[in-house]
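To start, the structure under review is shown below, and the notes come after it.
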Amino acid sequence: MAAMRPFDRHPDLNTATLLLVGVEGLHLDQLAAAILKGNRSFEVNVHLAKRLPLPVENEHIRPRIDLIVFLMDVRNQHSVETVRSSLAYVDVNFFLGKVCFLAVGDKSVKHQSVEMYTLKQLADSYLSPLIPAELESSERRAATARRLLQMLKVAAGLVPGVSALALSSLMRPSFNTEVEKS
């Protein structure tokens, strides 16, 4: 299987496409609905996948992917392993501001089977931001959706004068301090 490439398709006018990758039980469909309900000035397409690579049979009709979000459950080691294996199918150019990781789950230590430090190391090794998120409540899901919409807008090139690479470097310190606090 070939790796997904960020610029192998032409962009659609005023449209951005987001790919959410994560195992079942992470509220992917609810997060996608919150993203689609969000206030925005551009068209958004959201695609869901349990893992990469994506099926080959639909490759010719697949739109350009502007941002890939990998969701990892801190209560489930399998979700982290699924993300690690999926990363092999992502072209290195995606890691220039077009990938982020969501650490989903309860922040209490008693429910974690994966340490936040491990997830932070994974995100750092791909030079991508790690966003702690709780998707079980609609308010927090909406806040996460707003954050992802802002990242998607920049990653799709819909903000004049701001590149996805600049966004990634600007967002990095605030996310790292959030992870270190938890």
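FYI, it's all coordinate maths here, none of it is from the lab. Computed from a predicted model, the values in this text were never measured in an experiment. Using ideal geometry, Cβ is built from the backbone for each residue, glycine included, and neighbour counts are taken over all protein chains shown.
Using packing as a proxy for protection, rank 117-129, 91-103 so that the peptide with the highest average count of other Cβ atoms within 10 Å comes first.
91-103, 117-129
Would you please give the FRET efficiency between S113 and D12, computed as 1/(1 + (r/R0)^6) with r the Cβ-Cβ distance and R0 = 35 Å, to the nearest 0.05?
Rounded to the nearest 0.05, the efficiency is 0.30.
Work out how much length A142 to Q77 would gain on full extension: take 0.36 nm times their residue separation and subtract the Cα-Cα distance, in nm to one decimal.
20.8 nm
State the extension gain, in nm to one decimal, for the chain segment bounded by Q150 and E134, taking 0.36 nm per residue of separation less the distance between their alpha-carbons.
Roughly 4.0 nm would be gained on extension.
At Y89 and S163, where each label point lies 7 Å from the Cα along Cα→Cβ, what is the point-to-point distance in nanometres?
2.9
May I ask you to evaluate 6.51 cos²θ - 1.76 cosθ + 1.60, the Karplus curve with θ = phi - 60°, for each residue of segment 16-27 and list the ³J(HN,Hα) values in order in whole Hz, giving x for glycine and proline?
The phi angles translate into 10, 10, 10, 10, 9, 10, x, 6, 4, x, 9, 6 Hz.
Is segment 16-181 rounded, prolate or oblate when judged by the Cα gyration tensor, a ≥ b ≥ c being the square roots of its eigenvalues, rounded requiring a/c under 1.5 and prolate requiring a/b larger than b/c?
Note, shape of segment 16-181 comes out rounded.
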